[in-house]
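A quick write-up on the structure given underneath.
The values are calculated or read from the model by the stated rules, or taken from the named source; none is laboratory data. Here the structure is a predicted model, which means the values were calculated and not measured. As a convention, Cβ positions derive from the backbone with ideal geometry for all residues, glycine included, and neighbour counts pool all protein chains shown.
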């Protein structure tokens, strides 16, 4: 490591070197232990995301401006997981950016450097959490009059919750988690969404809208109707299609989207490779249809929620009526949240029904598909998985297409990777639109993320099972 | 009051659903499994196995088998469920819900004219002018006219269709389906509730998890202690004589942990006298040898004596305490022996070859323990190269019986197997002096004995010939055949008191240099798994070769057919050694039967490298494996090496795993079979 050049790392050094970290296991942790560790981390996370914050008056909280971001950050409003995995993700991304841009320079092969980088990332995550928590309190997310003491308490709670997430992530990352769950972030967001789906299916909360109490959970509601009403068939059907509470079509759509996402995740094309050095060694490089996985929709959601935030801020600010602000979005107060009724914000919001405003629906679909395809293309370049990068990596490993020159690999990959990325982006976009239209439980993005995370997990468990048998 | 009642019934529904959700699928699964289990008996049907009680199903046993805890729980839960359904159906009062359509006797969504018609019809029936009954009057005012109004008035009809009530949206009342007493909690009881929830839902699972983790951290994934593995690794030597294998085997930490009681001394002394001839003691200075034997660690002495007691079938002399240890020892034995084989074949030298001699020694010990045949019975005697051990695994066979039939020129076990049924019956009844029933039992066991064929091919995938340094793929079909036609079967082992499945070890080895090139355990028990494994392996191979979907389909179907006929596919990769012709032998050793091992020799011709060191350096084995991983899982970020990776044992394990990962890519056998690798398969036996 060239010490002088990374002033940023030196700045963090005093704190970073003192951050405790999870020790790597001496030998490979057996499968059942890893399953247990994963399960424990997820349940700790789930418990945290249901524990309400102390010092918050829930009636004082207004509409939720961050609603769209919640599913990707797996955060729950008003709980310890208010920030979710946000700080960890942000810190990781910032670090990645800094190290690729040369701002931070450290050598992955030096143990001390690696520890330092690890600690620095943790410090950064905590600092970001501190900032975000303070912003939440100061900007009035918990009502205008929180009080100084309560405010400090809330910030402390949020920062310590983030510390918990940081170390859960550390545990899973250092080889104690299941192989497919190498990133705790996707695992947590999947758990969050799955928990929501489960709750909507089996929630024991009863709601009475004047027609007698009814269960919130679909399955329970159906059982209730089937067992108590005398005219069973019709009442059951009515319950299945009820409008005011989650109904069976929502549940069915959720499963449909899950299945479709899992199917798409499995579609891939294999490029056969042989070793240049050693005859007989072969491998394959899989080009998945969802080449960028669910990344386009995550990016899209992030962009859209940023747009909402800015537009809402501007709408309610002094600049309210100006043309530019109106172009961005016009907002109206609805019962539980602000609703966009015009401008760009309106057109990126999923329409309630196609018939209501066909122009809105068409623009929404077009915007969604186009931006997903473009974002997928962009992400391929940004994440260094473009045809050129992949070809270089394959060449570095002394592999290549059988019977062809090294240059052929690039030509072959270039034929498929951009297409796969664009097509994958379109597929993800289309699936998200379908999810919006059918009203899946949770949010569309959440479901897609959960599907891919669960798919990877199952895949890796299957593989480990096979390895275990072989031993 | 009504609300509370309703709440209770909703709570019951909640409970009911929560019970039904796991219970129904679980019951169906149990029933399916029970149905499929009855289909086939795969264990040995000779009277010896029958008497051992492992597979016995007396009526009493069946009842006790059926009335296990889980079955009883299932039945109890079903009863609870039926009761709940009955209770909910009958006890819950119907909530009065205003449904104008059904009051007017119409389908929902009926038209205006229909509503009017129906109203008129009902008015004739119930109108106070027509019907003097006060109840009819009540009904008319309360329901019919209200329903009519609700449906004819456009505003209230829209409200009804939208919100289910003619007055528009009703206020929401939220609640939780819990019994009343749980909901109005305050003060002390609330605190207790909180404590209970925290204790049971959070702390208890955590405690259980922590206890489980600390308990099982001593064990590997195969339920063998880490300590055992490192001991085995330490004591394993390249030329471990079969007689010394036992000394290593009993050093397992599991065995060392077993209690040594003072009260055991005397019975052990007695046992020592009984099995002394088996202990390999030097007869010349027997005194010092004996003293030396007793000076070993008391656990080792005890284990050795117990195993010898088992091998010589003297276990009936054991005291109850020792008998318990003895059973525990036998229960652990197959697992430990398997690990011992794995340790023996671990890649050791720079070529990644394991050791052959200890491996075969361990497998022989395993055979002897399963069949309870003394090790000395293996010694060649009287024109019989393999000793009398295989005969002794048959029921009613003793040394005397073997001597008797040897007089009739039946010396090798194979000869006895190859005789016709009548000849054998005659031989056994007339010469060996067995009764007819006993002879039939012997026949049953002989029918159970598997015969194995190995069809092996080695080639460099997608290339011609094998050159120095190539990654060579071995591609072996191991086929099993039994005279009674079974494929998956449990071995005859009346003296081994636990469930034991047959396993085979396929070792590709160079017998002259004591090198095991490849090793793999093969099991014939689970056909479904074997089919998926084989088809997946074939598919991956073909994909790597860039075959079309149709070719892949055909190859996979062929493989599945073969598996169904009783073959298993074994694939592995190794690095081709220096040029020259190598005399290889593929051993297929069974861990539970004596005398059904097969050897197949063939020659592997390795050519000189055609393009000398193509483009520079030749990477080391470890690097190769890592690189391969990288290609297959391109998505993953750079793999960091483990920091504190010092345990040499786990290092080796890793290698093994990499090797395992490497397998699964094989060239299309038919197309490249003829290539340069001369394979003359020929059975030695």
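Given the conditions (1) at pLDDT below 80; (2) touching a helix residue (DSSP H, G or I) at 6+ places or on another chain (Cβ under 9 Å), which single one is not true for residue A:51?
(1)
Which of (1) in contact with a helix residue (DSSP H, G or I) (Cβ under 8 Å, 6 or more places away or on another chain); (2) surrounded by 20 or more Cβ atoms within 10 Å (Cβ to Cβ); (3) in a loop (DSSP other than H, G, I, E, B); (4) more than 14 Å from chain A (Cβ to nearest Cβ) is the odd one out, the single condition residue B:462 does not satisfy?
Only one criterion in (1) in contact with a helix residue (DSSP H, G or I) (Cβ under 8 Å, 6 or more places away or on another chain); (2) surrounded by 20 or more Cβ atoms within 10 Å (Cβ to Cβ); (3) in a loop (DSSP other than H, G, I, E, B); (4) more than 14 Å from chain A (Cβ to nearest Cβ) is unmet by residue B:462, namely (4).
Any residue at all in segment A:299-308 that is within 14 Å of chain B (Cβ to nearest Cβ) and surrounded by 19 or more Cβ atoms within 10 Å (Cβ to Cβ)?
Within segment A:299-308 (the criterion being within 14 Å of chain B (Cβ to nearest Cβ) and surrounded by 19 or more Cβ atoms within 10 Å (Cβ to Cβ)), the answer is no, since none of the residues qualifies.
Take the residues in segment A:199-221 that are part of a helix (DSSP H, G or I) and facing chain B (nearest Cβ under 9 Å), then tell me which one is farthest from residue A:444 (Cα to Cα).
Among residues in segment A:199-221 that are part of a helix (DSSP H, G or I) and facing chain B (nearest Cβ under 9 Å), the one farthest from residue A:444 (Cα to Cα) is A:220.
Can you find a residue that is under 30 Å from residue B:547 (Cα atoms), assigned to a loop (DSSP other than H, G, I, E, B) and in contact with a strand residue (DSSP E or B) (Cβ under 7 Å, 6 or more places away or on another chain) anywhere in segment A:285-301?
Yes: one or more hits.
Could you list all residues from segment B:517-538 that are surrounded by fewer than 18 Cβ atoms within 10 Å (Cβ to Cβ) and either within 10 Å of another protein chain (Cβ to nearest Cβ) or free of Cβ contacts under 8 Å to residues at least 12 places away in the same chain (or both)?
Result: B:521, B:523, B:526, B:528, B:529, B:532, B:536.
Residue by residue, here is whether (1) closer than 30 Å to residue A:398 by Cα; (2) not in a loop (DSSP other than H, G, I, E, B) holds:
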site: A:197; (1), (2): no, yes
site: A:226; (1), (2): no, yes
site: A:243; (1), (2): no, no
site: A:259; (1), (2): no, yes
site: A:270; (1), (2): yes, yes
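Could you say whether any residue in segment B:481-497 is away from chain A (no Cβ under 14 Å), in contact with a strand residue (DSSP E or B) (Cβ under 9 Å, 6 or more places away or on another chain) and either over 30 Å from residue B:370 (Cβ atoms) or assigned to a strand (DSSP E or B) (or both)?
yes
Please return the ranges of helices (runs of 4 or more DSSP H) entirely within segment B:32-120 where 3 or more residues are within 13 Å of chain A (Cβ to nearest Cβ) and at pLDDT below 70.
By residue number, no helices (runs of 4 or more DSSP H) qualify.
Do any helices (runs of 4 or more DSSP H) entirely within segment B:202-271 hold 3 or more residues that are assigned by the TED database to the domain that holds residue B:342, and if so, which?
Once the helices (runs of 4 or more DSSP H) in segment B:202-271 are filtered for at least 3 residues that are assigned by the TED database to the domain that holds residue B:342, what remains is B:226-235, B:242-249, B:253-256.
Return the pairs, sorted by first residue and then second, in which the second residue is in a helix (DSSP H, G or I), the first residue lies in segment A:363-388 and is within 14 Å of another protein chain (Cβ to nearest Cβ), the beta carbons are less than 6 Å apart, and the residues are 6+ apart or on different chains.
As it stands, the answer is A:379/A:295; A:380/A:421; A:386/A:380; A:387/A:413; A:387/A:414; A:387/A:417, since those pairs meet every condition given.
Which of (1) closer than 13 Å to residue A:285 by Cβ; (2) within 13 Å of chain B (Cβ to nearest Cβ) is the odd one out, the single condition residue A:403 does not satisfy?
Condition not satisfied by residue A:403: (1).
Working only within segment B:505-516, note down all residues that are under 26 Å from the mean Cα position of the chain (by Cα) and either outside any strand (DSSP E or B) or within 14 Å of chain A (Cβ to nearest Cβ) (or both).
Answer for segment B:505-516, where residues must be under 26 Å from the mean Cα position of the chain (by Cα) and either outside any strand (DSSP E or B) or within 14 Å of chain A (Cβ to nearest Cβ) (or both): B:505, B:506.
Consider residue A:446 carefully, then state whether it is modelled with pLDDT under 85, surrounded by 18 or more Cβ atoms within 10 Å (Cβ to Cβ) and not in a helix (DSSP H, G or I).
no
Answer yes or no as to whether residue B:245 is surrounded by 16 or more Cβ atoms within 10 Å (Cβ to Cβ) and over 26 Å from the mean Cα position of the chain (by Cα).
yes
Just the residues that are out of contact with any strand residue (DSSP E or B) (no Cβ under 9 Å at 6 or more places or on another chain), modelled with pLDDT of 75 or more, surrounded by 11 or more Cβ atoms within 10 Å (Cβ to Cβ) and farther than 17 Å from residue A:306 by Cβ, please, taken from segment A:316-348.
Result: A:322, single match.
Residues being surrounded by 22 or more Cβ atoms within 10 Å (Cβ to Cβ), within 14 Å of chain A (Cβ to nearest Cβ) and closer than 24 Å to residue B:523 by Cα: count how many of those fall in segment B:450-459.
Count: 1.
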